[in-house]
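Enquirer: Quick one: the structure is below, and I'll ask about it shortly.
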Amino acid sequence: PAAPLFRSVCIVSSRFYPQIVGSGMSAFVIARGLHQLGHQVTVLTDESIKMELSTATGVDFSVKYIRSLETFAVGKTGLKAPLDDLYLHIRKVNPDIIHVCNFMPMSLITIIRDKLACPVVFSFFNTPVIGKRTVGCFSDPDVENSFGAFVIKANAYDSLILGSEYYVKAALCLGANRNKILLSYLAPDITSLDITKSVDTSKFFDAGFERS
């Protein structure tokens with residue numbers, strides 16, 4: 001058989017381990033699992049956790065830091081610094097695939113999508129309330145839905161990987177292309193957060209991260 005060819009994967013998430021939040025821990029588990037499978041993983045996350053992460057154990061992959069990504073993700077700063085840093089790091093990493101976590105980071109990728117040669121995968125972990133909450137950033141439900149629909153309908157991603165049928169329904173309500181949606185159940189699994197144990201990567205393959 002041919003020798004395995006491993007991908008360079010870039011994961012973009014405004015929050016990340018050791019922050020105990022859904023999107024951050026989900027991104028951490030995905031990064032660990034892909035690294036465990038032999039892929040070259042680079043995480044791009046907010047600079048605010050640099051000190052914490054520098055002393056954390058279980059991070060055996062590359063992490064690069066982006067200025068003001070988290071404050072941008074909650075609507076408290078503009079896009080200049082995070083967009084500059086994001087594009088700079090992506091150019092340096094030159095990944096084979098980019099996995100973007102949540103709407104606000106995906107909005108940045110949407111701006112520079114025409115400059116990226118590799119496929120983009122999008123997942124959102126903000127718990128949606130259909131018709132009321134989408135991004136988890138804006139006060140008015142109309143703005144929430146309009147912004148979410150803008151990101152979804154821009155189609156700046158090649159695949160939309162979602163963790164439950166309810167999330168699929170929410171994405172479809174925002175105008176998602178059903179043909180781009182992949183369902184990969186990301187049920188809570190506390191063992192995945194135990195850095196002394198391997199991540200169960202059996203469902204990664206259905207999500208487009210097949211073993212090369």
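The values are calculated or read from the model by the stated rules, or taken from the named source; none is laboratory data. A quick note: this is a predicted structure, and the numbers were derived from the prediction, not measured. Don't worry about glycine lacking a Cβ; one is built from the backbone with ideal geometry, like all the others, and counts go over all protein chains shown. With ligands, DNA and RNA removed, areas are computed over all heavy atoms of the protein, side chains included. Shrake-Rupley method; radii C 1.70, N 1.55, O 1.52, S 1.80 Å.
Enquirer: Any residue in the stretch 154-166 that is more than 22 Å from Val29 (Cα to Cα) sitting within a Cβ distance under 7 Å of a residue that is of a type in the set (S, T, N, Q)? List the pairs, counting only those 6 or more apart or interchain.
Expert: Ala154/Thr110; Asn155/Asn177; Ala156/Thr110
Enquirer: Any idea which of Glu47, Glu70 is touching a Lys or Arg at 6+ places or on another chain (Cβ under 7 Å), open to solvent by 40 Å² or more (accessible area, probe 1.4 Å) and in contact (Cβ under 8 Å) with a residue 12 or more places away in the chain?
Expert: Only one candidate qualifies: Glu47.
Enquirer: I need the full set of residues from the stretch 121-134 which are hydrophobic (A, V, I, L, M, F, W, C) and touching a Ser or Thr at 6+ places or on another chain (Cβ under 9 Å), in order please.
Expert: First pass over the stretch 121-134, keeping only residues hydrophobic (A, V, I, L, M, F, W, C): 121-122, 124-125, 129-130.
Across the stretch 121-134, the qualifying residues are Val121, Phe122, Phe124, Phe125.
Enquirer: So which residues in the stretch 138-155 are in a loop (DSSP other than H, G, I, E, B) and either surrounded by 20 or more Cβ atoms within 10 Å (Cβ to Cβ) or of a type in the set (Ser, Thr, Tyr) (or both)?
Expert: Ser139
The rows are residues; the columns are (1) more than 21 Å from Gly163 (Cβ to Cβ); (2) under 18 Å from the mean Cα position of the chain (by Cα); (3) part of a helix (DSSP H, G or I).
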| position | (1), (2), (3) |
| --- | --- |
| Thr57 | yes, no, no |
| Lys64 | yes, yes, no |
| Leu88 | yes, yes, yes |
| Lys92 | yes, no, yes |
| Leu108 | yes, yes, yes |
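Enquirer: Looking at the stretch 73-106, which of its residues are more than 18 Å from Ala156 (Cβ to Cβ), of a type in the set (A, V, I, L, M) and open to solvent by 40 Å² or more (accessible area, probe 1.4 Å)?
Expert: Answer for the stretch 73-106, where residues must be more than 18 Å from Ala156 (Cβ to Cβ), of a type in the set (A, V, I, L, M) and open to solvent by 40 Å² or more (accessible area, probe 1.4 Å): Val74, Leu88.
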